[in-house]
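Notes for the one structure printed next.
Throughout, read-outs are computed from the coordinates displayed, never taken from laboratory work. Bear in mind the structure is a predicted one, so any value in this text is a computation, not a measurement. Note: ideal-geometry Cβ built from the backbone for every residue, glycine included; neighbour counts use all protein chains shown.
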């Protein structure tokens with residue numbers, strides 16, 4: 001019984017020791033290898049450093065505008081507002097704009113002299129517009145002999161809402177404008193917008209065209 | 001009363017002073033590796049090349065607008081260089097330079113989306129702004145705000161939800177969405193016995209999204225809304241929208 005146990009232990013010990021010695025041998029061989037066979041190609045792998053450039057990105061453009069708006073049937077009035085744009089690429093931008101004006105009187109109100117169609121608060125005309133713009137005709141404008149300013153003729157297509165005569169109207173706005181970069185970060189805008197919405201204020205429902213011409217100044221940041 | 005006004009003025013003045021302070025900050029300098037780099041007169045591909053700098057010249061990066069970077073040479077000449085040319089430059093330490101901007105990989109890897117959408121909500125017009133955050137390329141968390149403009153009533157709709165994009169790497173991929181939020185409706189003043197109401201809503205949606213370029217998506221979506229009204233029956237409303245999406 002005892003001898004059997006010893007035999008088993010010795011066998012187990014031999015089994016453990018033998019592969020160990022084989023590993024040790026293999027390791028010795030590996031160490032000896034470079035001396036006998038020098039490596040032909042030495043891998044020259046170097047870690048690549050990549051640095052994100054710290055540049056001031058200026059894709060936002062914000063500013064104000066003043067102008068005149070012709071509110072259909074209600075004459076032309078002074079309009080002012082603000083705009084915020086984000087330039088996605090050199091061609092495409094998104095623009096949110098708001099504006100406010102006060103409608104005048106219809107010819108009927110002027111001639112009749114008495115009947116007022118709208119109260120003062122109802123004459124307030126405010127709108128917002130979310131648009132996609134396309135810089136269709138980029139170029140340069142020359143001012144004098146030695147000054148060139150980058151410019152762009154752009155078109156916008158937008159949707160929004162107009163509050164007029166105490167009611168909100170879904171409005172589609174088409175626009176075209178000229179942007180002139182006076183310095184790297186200040187731009188002048190001259191633009192025309194047509195705000196179109198359905199109105200049933202004077203009886204039948206009809207599509208009204210409300211043309212706006214504006215002059216604005218914006219800053220890129 | 002005066003104190004907030006003074007604080008505001010001070011804030012405005014400090015903002016006005018800020019740009020020169022920014023400009024004074026040390027601009028990143030890079031070493032040109034291409035045979036030459038073109039400096040254009042404006043930030044666009046159509047502007048004429050006014051000047052070129054040779055390999056090994058050092059240029060300073062001043063400002064970036066979309067894909068164009070304004071640079072200054074050591075002689076003081078300034079011009080706009082495209083992002084792709086700057087990606088083949090090295091810093092003075094020999095590190096590669098990365099300039100912010102989308103790459104073709106952004107289609108599947110982007111995190112944020114912003115969308116302008118318009119369409120029809122149960123007969124009313126919709127103007128909406130939507131945002132999404134991609135947890136994975138195929139799972140989006142979405143939030144949207146819509147202005148509803150109808151013939152008889154106007155309203156606002158706000159919702160949050162999730163969407164699953166089936167094959168985000170395809171050029172055109174279908175998606176499904178689920179979400180919930182609030183709907184506030186105010187009937188027009190001309191209607192009698194009308195009152196404003198605000199109800200919670202839930203929606204299930206189905207849509208298609210297609211990449212226009214490496215930066216833009218066009219999305220069309222149908223949503224079926226259930227409005228949990230305080231009346232006996234819930235209301236069901238269909239919404240169809242198309243949207244223009246930019247991803248960051």
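In nanometres, what is the gap between the two model label sites at residue B:230 and residue A:54, each 7 Å from Cα along Cα-to-Cβ?
Roughly 5.8 nm, to one decimal.
Taking every pair of Cα atoms in the range A:63-221, average 1/r, invert it to obtain the Kirkwood radius, and report Rg/Rh to two decimals.
Rounded to two decimals, Rg/Rh equals 1.05.
For chain B, state what percent of all Cα-Cα pairs lands in each successive 5 Å bin, counting from 0 Å until the bin that includes the largest distance.
In order of increasing distance, the bins hold 1, 6, 10, 12, 9, 9, 9, 10, 10, 9, 6, 4, 2, 1, 1, 0 percent.
What is the order of B:171, B:77, A:163, A:193, fewest Cβ neighbours within 10 Å to most? It would help to have the intermediate numbers written out before the result.
Working: B:171 10, B:77 13, A:163 17, A:193 26.
By the 10 Å Cβ count, ascending: B:171, B:77, A:163, A:193.
What do you get for Rg/Rh of the range B:76-178 when both radii come from the Cα atoms and Rh is the Kirkwood radius?
We get a ratio of 1.18 for the range B:76-178.
Classify the range B:23-73 from the C-alpha gyration tensor, please: rounded if a/c falls under 1.5, else prolate or oblate depending on whether a/b exceeds b/c. Could you put the intermediate results ahead of the total?
Values: a/c = 2.07, a/b = 1.06, b/c = 1.95.
Note, shape of the range B:23-73 comes out oblate.
Contour minus end-to-end for residue B:197 and residue B:75, with contour as 0.36 nm per residue of separation and end-to-end as the Cα-Cα distance?
37.2 nm
Working from the pairwise distances between different alpha carbons, so that the mean of 1/r is found and then inverted, what is the range B:30-136's Kirkwood radius in Å?
16.4 Å
Separation between the residue A:157 and residue A:176 pseudo-spin-labels, each 7 Å from Cα along Cα→Cβ, expressed in nm?
Calculated label separation equals 1.5 nm.
Kindly express, to the nearest 10 degrees and within the range 0 to 90, the angle between helix B:2-24's C-alpha long axis and the longest C-alpha principal axis of chain B.
40 degrees
Quick one, can you get me the convex hull of the C-alpha atoms of the range B:106-247 expressed as volume per residue in Å³?
It comes to 86 Å³ per residue, whole-number rounded.
Determine, from the Cβ-Cβ distance of residue B:178 and residue A:134 and an R0 of 41 Å, the FRET efficiency 1/(1 + (r/R0)^6), rounded to the nearest 0.05.
0.75
Apply 1/(1 + (r/R0)^6) to the Cβ-Cβ distance of residue A:115 and residue B:166, taking R0 = 60 Å, and write down the FRET efficiency to the nearest 0.05. Write out the running numbers ahead of the final one.
On the way: r = 61 Å, r/R0 = 1.02.
It comes out at approximately 0.45.
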